[in-house]
Each structure stands twice: as structure tokens, then as C-alpha cells.
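Here is the structure we will look at, set down as C-alpha cells.
The values are calculated or read from the model by the stated rules, or taken from the named source; none is laboratory data. Only a predicted model underlies this, so the values are computations on that prediction, with no experimental measurement involved. Cβ atoms come from the backbone with ideal geometry, glycine included; neighbour counts cover every protein chain shown.
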Amino acid sequence: MSPISRGFMGRRRAVADPSRVPPGQYLTADFPVLSAGPTPHTPLDEWSFLIDGEVTEPLSWPWGEFVGLPTETVTGDIHCVTKWSKLDTTWKGVSLDTLLGAVETEAEYLTVWSDGGYTTNLALEDVSDGKAWVVYEYGGKPLDPEHGGPARLLVPHLYFWKSAKWVRGLTLTADDQPGFWEGYGYHNHGDPWLEQRYQGD
Amino acid sequence: MAGAALPRRLTWQLASVLELVDETPRCKSIGLEVPGWPGHRAGQHVDVRLTAEDGYQAQRSYSIASGPEDDHLVLTVERLDDGEVSPYLTDELILGDQIELRGPIGGYFIWEESLGGPLALVAGGSGVVPLRAMVRHWAAGARTTEVSLLYSSRTLGDMIYRDELSRPDGGKLSVHLALTRAWPPDWGGHRGRIDQQLLTEAIPQPADSPLIYVCGPTSFVENVAQALVEMGYEPGRIKTERFGATGT
Amino acid sequence: MDALDGNAIAGPLLEHFGSEMTTARGACAHCGATAQIAELRVYMSAPGTVVRCPACGSVVIVLVRIRDALQVDDTRFKPAPG
């Protein structure tokens, strides 16, 4: 191991309740901004959320309709693969159960895609039954573009790279197809409690 | 891809803190002894890595502030309020502490006498650090190249190396200073952000084909580079280095 | 969050290729624009580092560190005479 830097702690704080923090993670009070590209700025009158792929009929909602869908307030912990965890974050948005409930599919996987070209893959069961949302508010305010606004995916039970910023739609697929980071060796599933950071974990 | 051959491995090594100098309330210069240091070129940087007792690590890059001819390696670090590494370096380090670093790194954003001039250096905030190394390299040599430095800072209190940069040197180094947020009532330098008019005053005209280095926060670098291109400077003679976002 | 430039990945590239890379010139596989690595736009993302063409914004280089092994995908940055 590298030599220890006397007195160095970093941004972390003591773990208040270890059962809230997955293995290998550290708590932070910040909300670091880490992006794979420039912040997109899609005007709301051009924004839509599309579900396509292995569905009988693709479906899309423009912004005005989207924010009129039943919404939920979600409080959850988020865990980034770079080892920081943030507890008790609050969001508001539309459940994937609501969105997927409007289409018919036999597919078991989906690829989520975003403005700017980012993709990530998920199993249908990981976004069903109250596990995932498309959120447009954070901490009671409209979601900042830096943090993925106008809307991002939120899947708190998986590593946060799965919670795609600037989300614009999802494509249902028969097979699990690796998204951007998964294609480079990150785990297809990404459960922080099993420390599934990389393929093979 | 093929690159310029510098046959040497980049390895982490331990450096000892020799000297700590408060440059401004937020900036500290850290003098380091690095065993076997191979020397460096002005404009290069080092990577610094810190390790906590539980193994947690954080790593950042810092431009080398010392010139290649100086006695020892110096880094000048600005304390970022939400930083993870910089507050440790500026607030915790004491003489004799050791930190891991590797370097020197960089082959693009470097200047040495052989590259010629006239040389124009445009700095925003902590972007002055690698340019100061270039000025020190120039000062240690024959000083045949004409050098202009244009340095933009938020306030006078944020300006690093002010005394050093205002020492008279025989006329070949011209220094223009700009304050963007606040200035003393008798401030004789430029007030406000760098604009084309100030660039015209401060650096050689396009016809003289200066070699220009621009360093600072991304938005500063892009604004200046765009202005230079609009003014007719050759893009191929403009070199840029962007730092993570801080204000100027 | 603002992009950095290729100077910010000089260390990892030196580590990976064994030689100084920031002056290496290449062409974007998407739009053909050429640039030195120092001129590319660098985004430090959570799982890795994404490097984009300054002309068209397409991804040209990706760096990831998986289990302490650095991997560099430069397949979309074609070598060009420098």
C-alpha cells in the first residue's frame, strides 16, 4: 500500500450508521458533479421521453404531459462507484412502473439513453415495483442541468452510473446489452451491496 | 498512437516538504525535496497522491511553480473551498511531511528558450503558476527573448508572486495586471476582464507572430483563445492549458 | 462542469504508453478533424475519463481504471502525421 499521508482524511465524514453504507464506500455531504460530456440544454418544448424497442407500440410523452403524470417523492441513498455515498437524498418524478405500465412488452432488459449519447443497461426487474423513477426535482427544486436536469433516471439500489443524467428514453431489449461504461468493463448489474463494480465481480 | 519518445517510467516517489510560503490567503507555495529528481521543463506538472490510514486515496495534478534552474521543486497550490486535496496541502502539511508525487509530466504546454518568441503569457487566477515557471526559466537564461505577461486575478489579495513579477529587469519582461472583481481606488492596472483592447496593449501584435500560452479556468482560457483568434493570431502559435473551474 | 484538455490526462497516458503523448496528433474517427491530444476536451466522469473531439464533440478516447489496471481505448482517435 502507498505510504500514508499524515492526517489526511479527504472529504469524508465518520460513518454514522454502517448499515446504510455499502462495502468500500465513504460518506459525503457534497454532491460531486462528474460528467462524460458537456451539459446538454434541450429546450423543454423539444424534450420528450420515448419508450421503444421490443414493445407492441412505441410511446412518447412531451414535457407538458410528462410532468402531468402521477408523481412520487422519493427519498433514498445514492452510491457512486467512485466510492462516495450520499444519504437521504430527495427527489420527485415519475415511477418507471407508471411509464412501463403504459406499454406492452415481453422483453426482460432495457437500454436507457440520454442527450449526448450516454447509455446504460438494466434488467426490467431492476426498474419495476418501486425501484426506479425518471426524476425532475432534487431537494425540492427543479433538477439542475449539472445534475442531469431537466430529467434523469434514478435507480438508487444500483451504483449511480446507472442513474443516467439527461435521460430521454429507454429501449426494451430481449437480451442484456452493455451500455457505455458496461462496455468498458463496469458491471452489467451494479449492486453496491455486493460490490458489483466491474465485470466479474 | 505514437508520441514523443521520453524513455522513462512514470513512478510514484516520496517528496519531503522543505519550505512552506504563504503567497496569498488562499495560496501556498510548497518547496519539496525529491530524491533523484530528473529536472523539468517550464510548464510541466506533477501528480500528487494522498493516502488515508484506511487506504482511501485522492490524486490531483499541480503545475510546477519553480523554474528548471531553481534549487528545488516548488508547487503553488490554491486552496479550493470544496477541495479534497488542496485544503490538506495548504492547511495540514508541515515541514518534514512527505507526499507522494510523480512527474514531471507534460510535453505540450512547455516553453524553453530554444522555442523562441516573442513570448506572450496570459494567466487567469492560479493559471499563473506554470507561466511563472516559464518566466523564471527565461530570467535564468540569456534573456534574449521578449516576454509579455498578462495576469488576470479577482482581487489584489488573490494575486500570486506580485513582488517577484514587478521587479525591474532591464525592460525585456513586460507585465500587465488586470483585476476583475475589486480594485483599490488608485489601481493603475486594468479593471475588469481581459478584452481585445487590453490584449492589444499587453502582447505583441499578430504580425510579430508571438508564441502565446494561455492558462487558467476553462471559461477564461476559451474566452481569451477566441479573442486571440478573432484578432488574427495564428491558432497554431496559441497553446492552452485548462484548470478545473475556479473564478478569476 | 467545464471540460479540461488533454494536458489533464498527460500522466495516465504517459503511464500507459510509456512516452509523452500530449503532442501526439490524431484525427477524430467521426468528423476527421485533427488535433494534438492536448487540444482534446477531457471530461472526468465517475467511472472513467471521456475525451472528445474539440470540433464535433464525439468521443475519441476513453480511459478507465478497472481493478487498478489502466485501460485506454483510442480506437476512435486515428494517428495522424504530427
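Quick look at the values:
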item: Strands (runs of 3 or more DSSP E) contained in segment A:57-166 and holding at least 3 residues farther than 22 Å from A:Pro22 by Cβ; result: A:59-62, A:84-95, A:109-114, A:133-138
item: Residue within segment C:41-63 that is assigned to a helix (DSSP H, G or I), within 11 Å of chain B (Cβ to nearest Cβ), over 14 Å from C:Lys78 (Cβ atoms) and not acidic (Asp, Glu) present; result: no
item: Selection count where residues are surrounded by fewer than 17 Cβ atoms within 10 Å (Cβ to Cβ), in a loop (DSSP other than H, G, I, E, B) and either more than 7 Å from chain A (Cβ to nearest Cβ) or of a type in the set (Gly, Ala, Ser) (or both), scope segment C:64-82; result: 5
item: Some residue of segment B:182-190 being under 29 Å from B:Gly106 (Cα atoms) and either away from chain C (no Cβ under 14 Å) or surrounded by fewer than 19 Cβ atoms within 10 Å (Cβ to Cβ) (or both); result: no
item: Single residue of B:Asp91, B:Asp54, B:Asp71 found to be modelled with pLDDT under 95, more than 15 Å from the chain's Cα centre (by Cα), on the phi < 0 side of the Ramachandran plot and surrounded by fewer than 17 Cβ atoms within 10 Å (Cβ to Cβ); result: B:Asp54
item: B:Arg79 being farther than 27 Å from B:Arg162 by Cα and surrounded by 16 or more Cβ atoms within 10 Å (Cβ to Cβ); result: no
item: Residue match in segment B:147-157 (condition: in contact with a Pro (Cβ under 8 Å, 6 or more places away or on another chain), within 14 Å of chain C (Cβ to nearest Cβ) and closer than 19 Å to B:Trp187 by Cα); result: no
item: Criterion violated by B:Gly103 - all others in (1) crowded, with 24+ Cβ neighbours inside 10 Å; (2) at the interface with another protein chain (Cβ under 8 Å from one of its Cβ atoms); (3) assigned to a loop (DSSP other than H, G, I, E, B) satisfied; result: (3)
item: Tally, over segment B:19-72, of residues that are in contact with a Cys (Cβ under 9 Å, 6 or more places away or on another chain) and in a strand (DSSP E or B); result: 1
item: Within segment C:1-34, tally of residues that are surrounded by 21 or more Cβ atoms within 10 Å (Cβ to Cβ) and more than 7 Å from chain B (Cβ to nearest Cβ); result: 4
item: Flag if A:Met9 is among the hydrophobic types (A, V, I, L, M, F, W, C) and surrounded by fewer than 14 Cβ atoms within 10 Å (Cβ to Cβ); result: no
item: Subset of segment B:30-44 that is among the aliphatic types (A, V, I, L, M) and touching a helix residue (DSSP H, G or I) at 6+ places or on another chain (Cβ under 9 Å) - its residue that is surrounded by the fewest Cβ atoms within 10 Å (Cβ to Cβ); result: B:Ile30
item: Members of segment B:144-165 that are surrounded by fewer than 21 Cβ atoms within 10 Å (Cβ to Cβ) and either farther than 17 Å from B:Ala65 by Cβ or touching a Gly at 6+ places or on another chain (Cβ under 7 Å) (or both); result: B:Thr144, B:Thr145, B:Glu146, B:Arg154, B:Thr155, B:Leu156, B:Gly157
item: Selection count, segment A:1-36, where residues are over 25 Å from A:Asp77 (Cβ atoms) and either among the polar types (S, T, N, Q) or more than 14 Å from chain B (Cβ to nearest Cβ) (or both); result: 2
item: Residue in segment B:207-222 that is surrounded by the fewest Cβ atoms within 10 Å (Cβ to Cβ), counting only those that are among the polar types (S, T, N, Q) and on the phi < 0 side of the Ramachandran plot; result: B:Ser219
item: In segment A:73-117, the residues that are within 14 Å of chain C (Cβ to nearest Cβ) and under 13 Å from the mean Cα position of the chain (by Cα); result: A:Ile78, A:His79, A:Cys80, A:Val81, A:Ser114
item: Segment B:113-125 - residue that is at pLDDT 95 or above and more than 14 Å from chain C (Cβ to nearest Cβ) and, of those, nearest to B:Gln57 (Cα to Cα); result: B:Ala123
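Conditions tested, residue by residue: (1) closer than 30 Å to C:Arg25 by Cβ; (2) surrounded by fewer than 22 Cβ atoms within 10 Å (Cβ to Cβ); (3) without any contact (Cβ under 8 Å) to a residue 60 or more places away in the chain; (4) within 14 Å of chain C (Cβ to nearest Cβ).
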| residue | (1), (2), (3), (4) |
| --- | --- |
| B:Glu23 | no, yes, no, no |
| B:Arg26 | no, yes, no, no |
| B:Val46 | yes, no, yes, yes |
| B:Arg60 | yes, yes, yes, yes |
| B:Pro87 | no, yes, yes, no |
